[in-house]
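To keep things clear, I will list the structure first and then write my remarks on it.
Read-outs throughout are calculated quantities, based only on the coordinates presented, and are distinct from any laboratory measurement. As the structure is a computational prediction, the values presented were derived from the model and not from experiment. Every residue, glycine as well, gets a Cβ built from its backbone with ideal geometry; the counts of neighbours run over all protein chains shown.
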There are 2 protein chains.
Amino acid sequence: MSRHILQAVAMGIDTHQEPVVYMQEDCHICRAEGFNANTRLSISTRTEQLIATLNVVRNDKLLVGQIGLSKITQQRLDIKDGESVSVSHAQVVGSLSAVRKKIYGHKLSDQEIADIVEDISAHRYSDIEIASFLSVCAGSRLDVDEIIGLTKAMVACGKRLKWADQTKVLDKHCIGGLPGNRTTPLVVSIVSAAGLTIPKTSSRAITSPAGTADTMEALTTVNLEITDIQRVVAQTHACLVWGGAVNLSPADDLLIRIERALDLDGEGQLIASVLSKKIAAGSTHAVIDIPVGSTAKVRSQKDAERLSSLFTQVGAACGIQIRCLITDGSQPVGRGIGPVEEARDVLAVLQCEHNAPQDLRERALFLAAHLFSLAYSERYEQGLERAIAILDEGKAWQQFQHILAAQGGMKALPDPSYQHTEAATTAGTLTAIDNRQLARLAKLAGAPATEAAGMRLHTSVGEKIEAGQSLFTLYSDTIGEQQYAMEFYRQSMIFTIEEAQ
Amino acid sequence: MSRHILQAVAMGIDTHQEPVVYMQEDCHICRAEGFNANTRLSISTRTEQLIATLNVVRNDKLLVGQIGLSKITQQRLDIKDGESVSVSHAQVVGSLSAVRKKIYGHKLSDQEIADIVEDISAHRYSDIEIASFLSVCAGSRLDVDEIIGLTKAMVACGKRLKWADQTKVLDKHCIGGLPGNRTTPLVVSIVSAAGLTIPKTSSRAITSPAGTADTMEALTTVNLEITDIQRVVAQTHACLVWGGAVNLSPADDLLIRIERALDLDGEGQLIASVLSKKIAAGSTHAVIDIPVGSTAKVRSQKDAERLSSLFTQVGAACGIQIRCLITDGSQPVGRGIGPVEEARDVLAVLQCEHNAPQDLRERALFLAAHLFSLAYSERYEQGLERAIAILDEGKAWQQFQHILAAQGGMKALPDPSYQHTEAATTAGTLTAIDNRQLARLAKLAGAPATEAAGMRLHTSVGEKIEAGQSLFTLYSDTIGEQQYAMEFYRQSMIFTIEEAQ
């Protein structure tokens, strides 16, 4: 295959994670090689190689013999302006034939899945190829064998953590879809206060206004290196860090970016994403919280039971003991939505404030109790007594501060620049809150990219509402986002208020 | 929603059909609005509006208050450097919720499909969104109702042609997958020589080394405006033009670009693409050739029967009478592959040369006979006699020249710059040719983008081969493409030669 040597020019264009290169339309190499817009090219330096998408350019910024690089291309190749790169047609990416097989409805083997995941984590897929793969694996399109294969493949291409006590390493996860449901910092504090190991790595938001990592980042440093995580866990039995920084599942991080753009969350992808990170984090026992509600991520008891069964089977096949808990997902948990506002709720519960959200407190105790029950092989009621005692005696709060100190100290929560309180226009009973629309509202206000953006609810389902009563306060960092979010609010039906007869 | 006025700067970057805009990283508007890499933006001038993907830039080419436009963005907005555009967050594209519904395995309604097709044809989808939609509609994922809905939606968003005789307008289509199977120019010439109306619009290659439009373009002008097509058909009862130029199915043209990049061809998408163009072209009767072979597009008799049944049902629901013909698809048809080489075969058959490929001649007669049988309600055998007479008396060749003269005259076929003849290394019997790999070889040589690129076969399945005997000649316009194609040839197994015992 013929290769051509070109001089690199940084274009300073951020194409996100897809490497793009730019060549002059009248470049003789484009002509000689039959390169045109969207051709996939292999770009090499002496030490690095990647596949990039070509954008053909007609302007005077590039000379003959030069090739423009987008930011991610330049970063991955680790080169400076003027250095040489070698360019050729990209070899056919072998695992794409397996993606096509799946598109056409056939089951994938473990080897095919492993090849796909390896190629994705090596950045050999274009964005539309990743979108295609994710779309045909979404819904219930992966069977249990494929999910096991995907989980193992994702573990295989990342790092794995090891702990002093390898027999009992706990973890928890919530399937999400409930704005504000920030139990993780509470559960980790309660469980590790009892001396159990729970090295929690969390993700950032995929389609929600905040992930646990986003909320924790408002309070402390979360992007710790592996050696720092090991130090924190050795000191406190726990940590509350972002999983992405430790490269536990590099393929998953690439997939999540496209899932986010497509507002997509597949069942198999979900299970593999969750369990691969738990396994890579060295966990042996985990509880999975599955909230069910008409506007939660899981909408019916039947779907929750199916998911629960899949999680348990895939976990068993991959050597981790899973207990799924199907919970009420009819409305948000806590009052705050968005990184900072959720952090305020967490602090209120830990500090046992009298106005702390009771629903958040109870959920955290419920999950902690199940973890105690798993770890000590005791009845749920015994676990619950243990959890309540730890929280009410202030030991969880003390332990939380201990963890944050080890991670680099506690930050003060920032205040938002703009806020707007919306009042009810009619009186009646609040009969429903649309979790999805509510999440969208908080996202339009700027969450999670802007920490202080989001909202605080002033009511909950079942409450009687007076006309003029405050429903929520919206927080944003810019007036543009506030206006845009409120425009969306007025077009949607987030709160269902039924007028009294 | 807040809008911002920015000054347009042409970036001269070809991002193919996806509009992209570029803004400075430190631009106060990015900050105020929460725009970041890959945000979808609404860009407006006084008269035009589109949705574009943002690439955030850090360089000195854009000043504060400026926005860079990729080529397609600039073309669609129809503006010059320095003119003003208005920028805001793009509104949520409503039909994307229907795509998600399909991703999750639910059936789409006619209205949902119509909304998706309308949004795609109005360029409101990003490339990854189109990739997602196509992937979940691929294989057999659309049922007959959805295919009918998709066909009607695609017709609704394009133009429709009308002809003098509206009761009998013929058409033909081949499902493809067989390199070299260029019967269309032959069938059109034979049928229209008899005075029947057959205004043929063809597509360019999707995943093959040449579409009929590519082959015809080697011989004459194919991108005719509607008024010109009407003149040609009035003069000759026929035409052989590219469908894309007349905007018969604008949504399909956008979809095909991503299908091509993903090397994808879905059953429902295929039927809707074919029939929407036939209906928009005003056809009332059509034959569909479905070649079946292990390396053809359709691999089994069962799949062919299923496709045949769907074509007939969808056709009936949309008011067009379809006759499907299931044919042998075990090897290429004719000897040439690629636009120019296929054109040579067509000319040889029309001119009744003694060394013209017989298999191509027989297929064309078979299809023409079925069209006569449909149009005159006569037996196939009668139609066949009619077709043979027209071809052998030179009337088809005369008619072909007549059509080309009306379209702008016949061009001389160009010669390729490079050729390489490959010889067999072993003796034996040629027992199989892999159509897909063969197509890939011709594409790597530069077909169809380079007209003269492609290949000529010197053998066919069943033939005895001597060591050293020529198997094929590869044609390309550049040495790079030839080397790359031959490298692929040596790694693949295109010809199966079984040695004599």
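Report the Cα centroid-to-centroid distance between region B:106-166 and region B:316-372 in angstrom, as an integer.
29 Å
Please give every one of the lysines within straight-line cross-link reach of B:Lys71, meaning a C-alpha to C-alpha distance under 19 Å, and leave out same-chain neighbours fewer than 8 residues apart.
A:Lys61, B:Lys61, B:Lys80
Please state the relative contact order of chain A as a whole percent: Cα pairs under 8 Å, 6+ residues apart?
14 percent
Which percent of Cα-Cα pairs in region A:418-498 sits in each 10 Å bin, short to long?
The distribution over region A:418-498 is 20, 52, 25, 3, given as percents.
Using a/c under 1.5 as the rounded threshold, could you call region B:4-89 rounded, prolate or oblate? The axes a ≥ b ≥ c are square roots of the C-alpha gyration tensor eigenvalues, and prolate needs a/b larger than b/c, oblate otherwise.
Note, shape of region B:4-89 comes out rounded.
Cα centroids of region B:429-477 and region B:192-213: how far apart, whole angstrom?
So the separation of the two Cα centres works out to 23 Å.
Per-residue HN-Hα couplings for region A:346-360, Karplus 6.51 cos²θ - 1.76 cosθ + 1.60 at θ = phi - 60°, whole Hz, x for Gly and Pro?
My calculation for region A:346-360 gives 4, 4, 4, 5, 4, 8, 6, 5, 5, 9, 5, x, 5, 5, 5 Hz in order.
Taking the mean number of other Cβ atoms within 10 Å as a proxy for protection, how do you rank B:212-222, A:352-362, A:184-194, A:90-100 from highest to lowest?
Output ranking for B:212-222, A:352-362, A:184-194, A:90-100: A:184-194, B:212-222, A:90-100, A:352-362.
So the label point goes 7 Å from the Cα of B:Arg299 along Cα→C-beta, right? Which residues of region B:437-465 then have their backbone N under 15 Å from it?
It comes to B:437, nothing else.
Do the sum for the protein assembly as shown: with -39,500 (n - 2.57) for every DSSP H run of n ≥ 4, divided by all residues, what is the mean residue ellipticity at 222 nm, to the nearest 500 deg cm²/dmol?
Helices in the protein assembly as shown give a 222 nm mean residue ellipticity of -13000 deg cm²/dmol.
Could you check what % of the DSSP bridge pairs in region B:4-89 are antiparallel, to the nearest 5?
Antiparallel: roughly 60 percent of the beta bridges in region B:4-89.
Quick one: check the C-alpha center-to-center distance for region B:46-101 versus region A:237-270, whole angstrom.
Here the answer is 29 Å between Cα centres.
I'm a student and want to see the number: the projected area of the Cα convex hull of the protein assembly as shown, averaged over all directions, in nm².
The number I arrive at for the protein assembly as shown is 44.5 nm².
Give or take rounding to whole Å, what are the principal axis extents of the alpha carbon atoms in region A:163-227, in descending order?
The Cα atoms of region A:163-227 stretch 35, 24, 18 Å along their principal axes.
Amide H neighbours of B:Ala238 under 5 Å, counting only residues 5+ apart in sequence or on other chains, H built in-plane at 1.01 Å?
For B:Ala238, whose amide H was placed from the backbone, the distant partners under 5 Å are B:Ile198.
Quick one: what Rg and Dmax do you get for region A:170-407 from the alpha carbons, in Å?
16.3, 45
Calculate the mean, over all residues of peptide B:139-150, of how many other protein chain Cβ atoms lie within 10 angstrom of the residue's Cβ.
Mean partner shielding for this stretch: 1.
Only residues of region A:273-308 count here: report those whose backbone N is under 12 Å from the spot 7 Å along Cα→Cβ of A:Ser330, or say none.
Within reach of a label on A:Ser330, which here means backbone N under 12 Å from a point 7 Å along Cα→Cβ, region A:273-308 contributes A:292-295.
Taking R0 as 25 Å, what FRET efficiency do you get between A:Thr496 and A:Ala467 from their Cβ-Cβ distance, rounded to the nearest 0.05?
About 0.95, to the nearest 0.05.
As an exercise, take the mean of 1/r over every pair of distinct alpha carbons in region B:82-179, invert it, and state the Kirkwood radius in angstroms.
It works out to 16.1 Å.
Give me the distance in nm between label points sitting 7 Å out from Cα along the Cα-to-Cβ direction at A:Arg46 and B:Gln358, one decimal.
6.3 nm
What is the angle, in °, between the Cα long axis of helix B:301-317 and the longest principal axis of the Cα atoms in chain B? Nearest 10 is fine, range 0 to 90.
Helix B:301-317 and the main axis of chain B meet at about 60 degrees.
Between copies, how far apart are the A:Thr47 label points? List them in nm, one decimal, shortest first, with each point 7 Å from Cα toward Cβ, please?
Relative to the other copies, A:Thr47 has label-point distances of 5.5 nm.
State the dimensionless ratio Rg/Rh of chain A (Rg: radius of gyration of Cα atoms; Rh: Kirkwood radius).
For chain A, the value is 1.01.
Of the cross-linked pairs B:Lys168/B:Lys395; A:Lys297/B:Lys102; A:Lys200/B:Lys102; B:Lys107/B:Lys152; B:Lys277/B:Lys395; A:Lys302/B:Lys107, which ones have a Cα-Cα span greater than 23 Å in the structure shown?
In this structure, A:Lys200/B:Lys102; B:Lys277/B:Lys395 exceed 23 Å between Cα atoms.
Distances from A:Gly462 to the same residue in each other copy, label points 7 Å out along Cα→Cβ, in nm, shortest first?
8.0
With a cut-off of 8 Å between alpha carbons and a minimum separation of six or more residues, what is the relative contact order of region B:418-498 in percent?
This gives 48 percent for region B:418-498.
Please arrange A:Ser140, B:Ser126 by how many other C-beta atoms lie within 10 Å of their C-beta, fewest to most.
With the sparsest Cβ surroundings first, the list reads A:Ser140, B:Ser126.
Is there a simple number for the mean count of other chain Cβ atoms within 10 Å of the Cβ of residues in A:6-14, and what is it?
Mean inter-chain Cβ contacts per residue within 10 Å come to 5.
If r is the Cβ-Cβ distance from B:Gln7 to A:Arg58 and R0 is 22 Å, what FRET efficiency results, to the nearest 0.05?
0.60
If R₀ is 22 angstrom, what is the calculated FRET efficiency for the pair B:Ala317 and B:Ser109, using the beta carbon separation as r and rounding to 0.05?
Computed FRET efficiency for B:Ala317 and B:Ser109 comes out at 0.90.
Give a residue-ordered list of calculated ³J(HN,Hα) values for region B:438-444 (Karplus: 6.51 cos²θ - 1.76 cosθ + 1.60, θ = phi - 60°; whole Hz; x for Gly, Pro).
4, 4, 5, 4, 5, 5, 5
Collect residues whose amide H, placed 1.01 Å from N in the peptide plane, falls under 5 Å from the amide H of B:Gln469; neighbours closer than 5 in sequence don't count.
B:Ala424
Got a sec to turn the phi values of region B:217-228 into Karplus ³J(HN,Hα) couplings, 6.51 cos²θ - 1.76 cosθ + 1.60 with θ = phi - 60°, whole Hz, x for Gly and Pro?
Once θ is set to phi - 60°, the couplings for region B:217-228 become 5, 5, 9, 6, 7, 10, 8, 8, 6, 4, 4, 5 Hz.
Distances in nm, one decimal, shortest first, from A:Glu225 to the same residue in every other copy, taking the label point 7 angstrom along Cα→Cβ.
The projected label point of A:Glu225 is separated from its counterparts by 6.8 nm.
Can you tell me the Rg and Dmax of region B:255-362, counting just the alpha carbons, in angstroms?
Cα only, region B:255-362: 15.9, 45 Å (Rg, Dmax).
Average the reciprocal distances over every distinct pair of alpha-carbons in region A:142-300, invert the result, and give the Kirkwood radius in Å.
15.9 Å
Can you give the angle from 0 to 90° between the axis of helix B:479-491 and the longest principal axis of chain B, with both taken from C-alpha atoms, to the nearest 10?
In chain B, helix B:479-491 runs at an angle near 70 degrees to the longest axis.
Shape of region B:343-425 from its Cα gyration tensor (a ≥ b ≥ c, root eigenvalues): rounded if a/c is under 1.5, otherwise prolate when a/b > b/c, or oblate?
In terms of gyration-tensor shape, oblate.
Give me the aspartates and glutamates in straight-line cross-link reach of B:Lys464: C-alpha distance below 18 Å, same-chain residues under 8 apart excluded.
B:Glu422, B:Asp434, B:Glu498, B:Glu499
Sort B:Leu374, B:Leu367 by Cβ crowding within 10 Å, fewest neighbours at the top.
The order, fewest Cβ neighbours first, is B:Leu374, B:Leu367.
Ranking B:Ser492, B:Ser202 by Cβ neighbours within 10 Å, fewest first, what do you get?
B:Ser492, B:Ser202
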